[in-house]
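Please read the structure below before turning to the comments.
Rule-based calculations on the coordinates, nothing more; no lab input. Just so you know, these numbers come straight off a predicted model, no measurement behind them. Cβ sites come from the backbone with ideal geometry, for glycine too, and all protein chains shown count toward neighbours.
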Amino acid sequence: MGMMESAIQGLLYAQGSYQGELDPMARMMATIAGKPDRPPIAAQMHDHAMYLAGVPAKKFYYDAPIFFNTMLSVFMYYGMDIAIFFGDVYNFEAEALGAKMIYGEDSMPTIDFTEPLIKEHKDLLKLKTPDFYKDGRMPYELEIMKLNAQMGFGLGIFCAPFSLAVAMRSYPLLIRDMRRDPKFAHELFTFIVDEVLIPFLKVQQKETGAAFAFGADAWAAFPNLTPDMAEEWHLPYAKRLKDAAASFGMFATAAGCMDYCEERLEKFNPAIVRRCFDLFAQVIGMPMAFLGMGRWHDYDLKVVRDWAVEHGGARGTTPIMAGVNARLVHDGPVSKIVEVVKRYMDVLGRDGRLFGFLVNISADTPPEHVHAAIAAFHQYGRYPIAENLDKIKFEMPKFIPYAEFAKMMAGG
Amino acid sequence: MSSTSRVIEQIKQSIVEGDDVAAKAAAEKALAEGLAPVDILNSGIVPGIETTGQLWADGTYFMPDVILSAEAFKAASSVIEPLLKAGDAPKRGKVALGVVAGDMHNLGITIVMTMLRGAGFDVEHMGIDVPVATFIAKAKSGDVDILGMGAYMTTTMLVMKEVIEGLKKEKLRDKVKVMVGGVPLSQEYADEIGADAWGKDALDAVVKAKQVMGVS
């Protein structure tokens with residue numbers, strides 16, 4: 001079935017006009033409309049996929065088909081719905097511009113923040129728009145995008161302006177620029193949007209046909225960036241990028257910005273959470289509660305619920321991206337992971353607009369923990385949600401080691 | 001307010017406000033006025049970073065404020081450090097900090113280093129992308145009380161386990177305390193790999209460093 005057909009099927013399901021099984025795309029559309037069969041599940045998992053499949057980093061982060069096929073295999077192993085087959089998305093543009101990188105034997109390439117690309121302000125003047133077909137590992141990244149598109153997951157990806165500014169300048173120097181030399185900081189952000197990201201998006205559109213592109217933006221999480229700073233520095237360039245992309249028919253937005261990530265529970269601040277949600281809504285152009293890297297398993301979810309209801313209109317709540325914390329999924333135990341998912345469904349999921357999201361699954365996370373989180377979404381997220389979820393006994397699915405699964409898939 | 005008090009207050013205020021240029025200038029001015037380096041440290045520089053820590057702990061300051069304060073602390077410290085005599089500054093223990101092999105994220109460890117120095121620890125920065133063998137050699141040197149490791153990627157945090165296993169193999173594990181920190185870590189992971197302490201952030205790292213050293 002084609003993507004469009006699936007999307008229509010999902011919308012019909014939400015209206016009650018279709019009663020059959022939903023495929024992942026249909027489930028996603030039914031969730032946006034507010035009446036799916038269960039929440040769709042997505043995950044960030046590149047390091048985990050590499051580690052689980054035993055693929056050397058020197059292949060995984062350099063060979064697009066190996067990367068893509070490994071991700072696809074692990075995606076199928078876990079039975080996820082929404083494919084996010086991208087890896088070190090914070091590196092490509094900076095690397096192509098000439099940033100110093102460290103290519104670890106066993107790890108993802110990483111920018112050397114001790115020697116930033118822009119050490120002094122005059123260094124910005126030396127930078128030129130990269131050749132997206134040649135520079136750095138851009139050919140690898142473009143090939144991954146093409147492979148995604150061939151599988152029907154055509155989506156552009158880029159490093160959002162604030163995170164790319166950090167990648168080029170380092171966080172302390174960028175913050176210093178923003179406070180002490182705002183003129184330079186504005187020049188940097190303008191260069192990033194006009195000379196790097198817009199040309200990159202045009203290439204992505206040309207090569208993959210992608211109509212949507214999302215910008216990774218973990219550096220713009222709270223408390224790295226405060227809401228006041230986000231208003232001054234993030235929103236104008238997110239808008240500049242979005243408007244420019246719209247002019248050539250592409251929807252481009254930063255994702256994950258203003259992700260509330262306060263580590264200390266005693267400092268949990270509902271007012272700041274609400275401002276983060278408000279700002280995120282302004283960036284993406286619609287209200288959506290994004291729970292990403294923070295300790296949402298420990299925070300009070302009432303603030304999320306209240307905000308989502310206030311902004312949800314006739315559909316009950318806004319869409320909610322319900323991220324399950326990476327450290328929780330890594331450390332477990334299974335019972336705790338299951339309880340957290342159950343609480344998400346109970347407090348946030350009753351209006352049918354919840355997406356399950358396993359945030360940046362760490363390399364050596366036990367696969368049983370990932371299976372448990374997904375099974376918990378399946379079992380507690382069956383719509384309509386049971387009034388008393390305590391009456392549903394969680395059943396751990398039969399565990400098949402990845403190696404055995406991969407062998408079966410290969411016909412062995 | 002006397003001139004001495006004024007310049008000390010300038011140092012402290014510049015650090016709290018995260019103004020590295022002013023902090024350095026004030027420290028130089030204090031020296032020119034004849035203040036002893038140790039007094040500049042104890043009356044101006046350390047109280048400045050302590051105030052920042054407090055403002056952060058109570059939710060007034062956020063990460064950008066702390067970063068700029070840490071830069072100002074470093075700027076002021078760089079003026080007086082070469083002039084400090086042995087025994088001038090209180091030392092609660094010697095800490096060697098490094099980011100593990102394959103990892104270049106130096107932001108967190110820079111703040112931890114600043115806060116530990118502000119709390120009276122003698123801190124050596126071993127750098128980033130530090131090989132396992134270098135950590136072990138540092139422990140073998142006997143010149144360190146706490147070995148601190150930072151990792152900011154889920155692949156590189158696995159290197160911490162290799163370091164601790166290497167220390168055990170070399171029969172060095174009981175000669176040095178091991179502290180770990182970084183975004184993907186947790187207390188559970190620290191326990192799993194056999195570290196003595198996990199610092200969830202820079203201030204927590206100071207608390208834990210004092211705990212493992214048995215000092216207040």
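Annotations
- The distance between label points at A:D123 and B:K85 comes to 4.1 nm (points 7 Å beyond Cα on the Cα→Cβ vector).
- Cβ-to-Cβ counts within 10 Å put A:Y299, A:Y77 in ascending order as A:Y299, A:Y77, the fewest first.
- Partner aspartates and glutamates whose Cα lies under 17 Å from the Cα of A:K122, excluding those fewer than 8 positions away in the same chain, are identified as A:D177, A:D181, A:E187, A:E195.
- Three-way shape label, region A:156-300, alpha-carbon gyration tensor, a/c 1.5: oblate
- Of every Cα-Cα pair in chain B, the percent that sits beyond 31 Å: 22 percent
- Among the trypsin sites (Lys or Arg not before Pro) in region B:20-102, those placed in a DSSP loop whose Cβ has at most 15 other Cβ atoms within 10 Å are B:K85, B:K91.
- Cα centroid separation - region A:298-337 against region B:1-75, whole Å: 41 Å
- On Cα atoms only, tilt of B:107-118 relative to the major axis of chain B in degrees: 60 degrees
- Averaged over A:13-21, number of beta-carbon atoms from partner chains that fall within 10 Å: 0
- At q = 0.05, 0.07, 0.08, 0.11 Å⁻¹, base-10 log of I(q)/I(0) for the protein assembly as shown (Debye sum, equal scatterers on each alpha carbon): -0.23, -0.46, -0.60, -1.14
- The protection proxy used here, the mean number of other Cβ atoms lying within 10 Å of each residue, ranks peptides A:109-117, A:170-178 as follows, highest first: A:170-178, A:109-117.
- Cα-based shape type of region B:1-66, given that a ≥ b ≥ c are square roots of the gyration tensor eigenvalues and the cut on a/c is 1.5: prolate
- Measuring between alpha carbons in the structure, the pairs from B:K91/B:K177; A:K59/B:K138; B:K138/B:K210; A:K267/B:K94; A:K100/A:K242 lying more than 27 angstrom apart are A:K59/B:K138; A:K267/B:K94; A:K100/A:K242.
- Rounded FRET efficiency, nearest 0.05, which uses the C-beta distance separating B:D174 from B:Q211 and R0 of 25 Å: 0.90
- For region B:55-164: rounded, prolate or oblate by the Cα gyration tensor [a/c cutoff 1.5]: oblate
- Nearest-0.05 FRET efficiency for A:Y62 and A:A211, computed from C-beta distance (R0 35 Å): 0.80
- Averaged over B:181-190, number of beta-carbon atoms from partner chains that fall within 10 Å: 4
- Local electrostatic count, A:M258, Cβ distance below 12 Å [Lys/Arg +1, Asp/Glu -1]: -3
- Farthest toward the positive end of the dipole of the protein assembly as shown, out of B:F135, A:P366, B:T52, is the Cα of A:P366, where the dipole comes from beta carbon charges about the Cα centre.
- Working ranking of peptides A:119-125, A:232-238 by packing, defined as the average number of other Cβ atoms within 10 Å per residue, highest first, is A:232-238, A:119-125.
- Fewest neighbouring Cβ atoms within 10 Å first, the residues B:S186, A:S247, B:S14, B:S78 line up as A:S247, B:S78, B:S186, B:S14.
- Chain A: angle of helix A:171-180 to the longest principal axis, Cα-based, in degrees nearest 10: 60 degrees
- Listed residues B:A195, B:A101, B:A133, most fluctuating in chain B (Gaussian network, C-alpha, under 10 Å): B:A133
- Extension gain (nm, one decimal) between A:K134 and A:I8, 0.36 nm per residue minus Cα-Cα: 41.4 nm
- Put in line by how crowded their Cβ is, counting other Cβ atoms within 10 Å and starting with the fewest, A:M3, B:M179 read A:M3, B:M179.
- The length gained on full extension between A:D390 and A:Y402, counted as 0.36 nm times the residue separation minus their Cα-Cα distance, comes to 1.2 nm.
- Pairwise centroid distance, computed over Cα atoms, of region A:137-186 with region A:75-110, Å: 12 Å
- Principal-axis tilt of helix B:46-57 within chain B, Cα atoms, nearest 10 degrees: 60 degrees
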